[in-house]
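Each remark here refers to the structure printed beneath this line.
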Amino acid sequence: MAVLVLAEHDLGTLSASTARIVAAAAELGAVDVLVAGEGVDQVTIAAAAIAGVAHVRVAQSAELNGLSAEALTPLLEHLAPDYTHVIAAAASVGRDVIPRLAAKLDLMPVTDVIAILGPNRFERPIYAGNAIETVTSNQPRHLLTIRASAFRPAAQGNAALIEPVDASGVVAVARFVAAHRTEGDLPDLSTAQIVVGGGVSLGSAEKFALVEQLAGKLGAAVGATRAAVDAGYAPNDWQVGQTGKIIAPDLYIAVGISGALQHLAGIQGAKKIIAINSDPEAPLVKLADYALVGDLFEIVPALIAELERLGVKR
Amino acid sequence: MKILVAVKRVVDHAVRVRVRPDRSGVETDNVRMSMNPFDKHAVEAAVALNEAGRADEIVIVSIGPKQANDVILTALAMGAHRGILIEAEGRLETLAVAKLLKAAADEERPDLVLLGKQAVDDDSNHVGQMLAGLLDWPQATFASGIKVVGNGLEVTREVEFGRTTIAIPLPAVVTADLRLNMPRNAGLPMVMRARQKPLTVRSIAEFGVDIAPRLEIERVSPPPEREGGRIVTGVSELAAAITAELSQLETL
Ligand SMILES: Cc1cc2nc3c(=O)[nH]c(=O)nc-3n(C[C@H](O)[C@H](O)[C@H](O)COP(=O)(O)OP(=O)(O)OC[C@H]3O[C@@H](n4cnc5c(N)ncnc54)[C@H](O)[C@@H]3O)c2cc1C
């Protein structure tokens, strides 16, 4: 059995989740990674360094920049016959392309996989994580997207073989117009060890900085609720939940977040949860490992000062 | 431009579902049902394009049981012009749904198909992409902005790193994210008027589409329960809890 993993990358950097997808894929067979785009040398080298990768197949073409589904699908259709499984991260590129590819190959994909029980048996959450489906696929080939946060990363230090793939026939239909990237050097939210999340109760973008300060103190990534994003206090790529990012940090600190089921969908994998909330009845307070009930505007600055006093630095 | 909007009747997003004791699925009897929230944003986008003079006809299609009439009526009340119910009992896989929608699109010949990016029951996030593949049309998924520019669309998409805007030609498939717009609540007069709008009921058999399931659902289980923890009394206790967690991380 051989597995093809589609690498997600942006601005010449391989997505931090790739090592986790490779680790998951390695449970299924020998892993090749497909790197598509132009100017992807660094991405290729990074992919080749992941333990367990046999080949990195590189499809160089400007038409593949932006990793659009229209351009990737024919490329993957062409490569799929070599593999029993074609896998991508359950992130924007994988979610976009895998179902399109599946329809083209007349296959039913299994997406958001959180556990691999066998070559054709998988677990995936439904209903915002309130139920887990165990599915068996008896199809000749399996197209999957995998939740990176549900798997540990593969080690580094490999030097996989690098080989080109012909991409001369690939044509992008979508034309790039603009990108808005969230600036900053915060850890990757989907794979961070610690995440501090803020809710709409922060009240403004300026005051949301309080969440960012606490995160900075702990070397944490920043998350937000949909309500906070909708209100314009935080960028959309910080949203955690059913429709945002799924996280599984060792520690999640929820600041002024009620714990709506759609938000909880994104944090089920968190090992420890701390809630700071003025409402002792808030669902997140009830389910947290530690909760402090009170006004976040008093608690968070005092907490930062206390962590400072204790000499916490990460 | 003619727009086809696909809508799904699902367990209401505010309901916390329970897994059936026999693990065959989740309890859907006597549970409040409504239009999938993402689909409401798709309908709103279509109606807004109609109001802006960019679209002249909006056709709603839903695949589901008789009761899915309700969600079609909701869409008609929001401003769509006519509806098609493709009657189906039981669970259909997303691939089957996409094939039925392809058949509907072949009949209706829309310039744009709008759908929600995912349904909040199975959370699949497949159908728009599959339909685009079957039609060989461009797709713009996870849309938080749609603009008609020339003979095509400029769509802003919510992606991993923030947002990206792409231009695609028509015909195309676009899937709606929640920040695309604020769906309207249709008032009673609109709801009354919706009942006068044409609504055709079709049977799946008419489409001659293979809907046999490809996946076997072995079981549906509840997620692991989290044990509630404890209330700490002050900031110093909280800071101590955090530093204890941090030192555990370091020893990993
Ligand atoms: C289809 C769908 C998908 C969704 N997807 C997501 C998703 O992916 N992610 C997501 O997060 N949401 C999602 N939502 C929205 C979700 O239902 C909730 O509306 C949202 O999570 C609530 O955000 P919040 O906790 O910031 O706000 P609220 O629910 O309003 O909670 C605010 C909390 O702050 C507390 N508070 C107020 N003031 C203070 C203070 N001074 N100090 C301390 N605490 C204070 C309150 O006690 C309350 O608990 C989705 C909804 C739908 C319908």
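The values are calculated or read from the model by the stated rules, or taken from the named source; none is laboratory data. As the structure is a computational prediction, the values presented were derived from the model and not from experiment. Glycine also receives a Cβ, built like all others from the backbone with ideal geometry; neighbour counts cover every protein chain displayed. Note: areas computed on protein heavy atoms with side chains; ligands, DNA, RNA excluded. Shrake-Rupley method; radii C 1.70, N 1.55, O 1.52, S 1.80 Å.
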Item checked: Percent breakdown of C-alpha pair distances by 5 Å bin, ordered from the shortest bin, for the stretch A:1-102 -> 2, 14, 28, 28, 21, 6, 0
Notebook entry, point to check: Which residues of the stretch A:75-106 end up with at least 30 Å² less accessible area in the presence of all protein chains than when their chain stands alone, using a 1.4 Å probe?
Noted result: A:92, A:95, A:96, A:99, A:100, A:103, A:104, A:106
Notebook entry, point to check: Of the accessible area of the stretch A:194-309, with the probe set at 1.4 angstrom, what percent is carbon plus sulfur?
Noted result: 53
Note to self: Binning at 20 angstrom from zero up to the longest distance, how are the C-alpha pair distances of the protein assembly as shown distributed in percent?
What the structure shows: 21, 55, 23, 1
Note to self: Could you report the stretch B:2-207's accessible area per residue, 1.4 Å probe, as an integer in Å²?
What the structure shows: 40
Item checked: Calculated SAXS-style log₁₀ I(q)/I(0) at q = 0.12 Å⁻¹ - the stretch B:164-239, Debye, Cα scatterers -> -1.02
Notebook entry, point to check: What are the semi-axes of the equivalent ellipsoid of chain A, taken as the square roots of 5 times the eigenvalues of the Cα gyration tensor, listed largest first and rounded to whole Å?
Noted result: 37, 21, 18
Next item on the list: Go ahead and set up a Gaussian network model of chain B, Cα springs under 10 Å, then flag whichever of B:117, B:99, B:147 fluctuates most.
Entry: B:147
Margin query: Mean-square fluctuation check for chain B, GNM, Cα pairs under 10 Å: which of B:207, B:142, B:161 is largest?
Written below: B:161
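Considering only the protein assembly as shown, what is the antiparallel percent among its DSSP beta bridges, to the nearest 5?
Beta bridges within the protein assembly as shown, antiparallel portion: roughly 35 percent.
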Next item on the list: Can you send over the carbon and sulfur percentage of the accessible area for chain B, probe radius 1.4 Å, protein chains only?
Entry: 50
Next item on the list: Under a 10 Å cutoff between Cα atoms, tell me which one of B:204, B:217, B:63 has the largest fluctuation in the Gaussian network model of chain B.
Entry: B:217
Item checked: Interface area, A with B, accessible, probe 1.4 Å, both sides summed, Å² nearest 100 -> 7200
Next item on the list: Select from the stretch A:133-162 all residues whose loss of accessible area on going from the chain by itself to the full protein assembly reaches 50 Å² or more (probe 1.4 Å).
Entry: A:133, A:134, A:136
Next item on the list: Counting other Cβ atoms within 10 Å, keep those with at most 10, restrict to DSSP loop, and tell me which GluC sites (Glu not before Pro) in the stretch A:156-260 are left.
Entry: A:183
Item checked: FRET efficiency for residue B:197 and residue B:237, using Cβ-Cβ distance with R0 set to 51 Å, rounded to 0.05 -> 0.25
Item checked: Using a Förster distance of 35 Å, the FRET efficiency for residue A:158-residue B:212 (Cβ separation, nearest 0.05) -> 0.25
Note to self: Which of the three applies to the stretch B:133-196, rounded, prolate or oblate, going by the alpha-carbon gyration tensor with a ≥ b ≥ c and a/c under 1.5 meaning rounded?
What the structure shows: prolate
Notebook entry, point to check: So what's the stretch A:194-309 giving for Rg/Rh, alpha carbon basis, Kirkwood Rh from the mean inverse pair distance?
Noted result: 0.92
Check: Within the stretch B:2-207, what is the number of lysine pairs with alpha carbons under 22 Å apart, leaving out pairs fewer than eight places apart on the same chain?
Finding: 24
Item checked: Global size of the stretch B:1-149 as Cα Rg and Dmax, reported in angstrom -> 15.2, 53
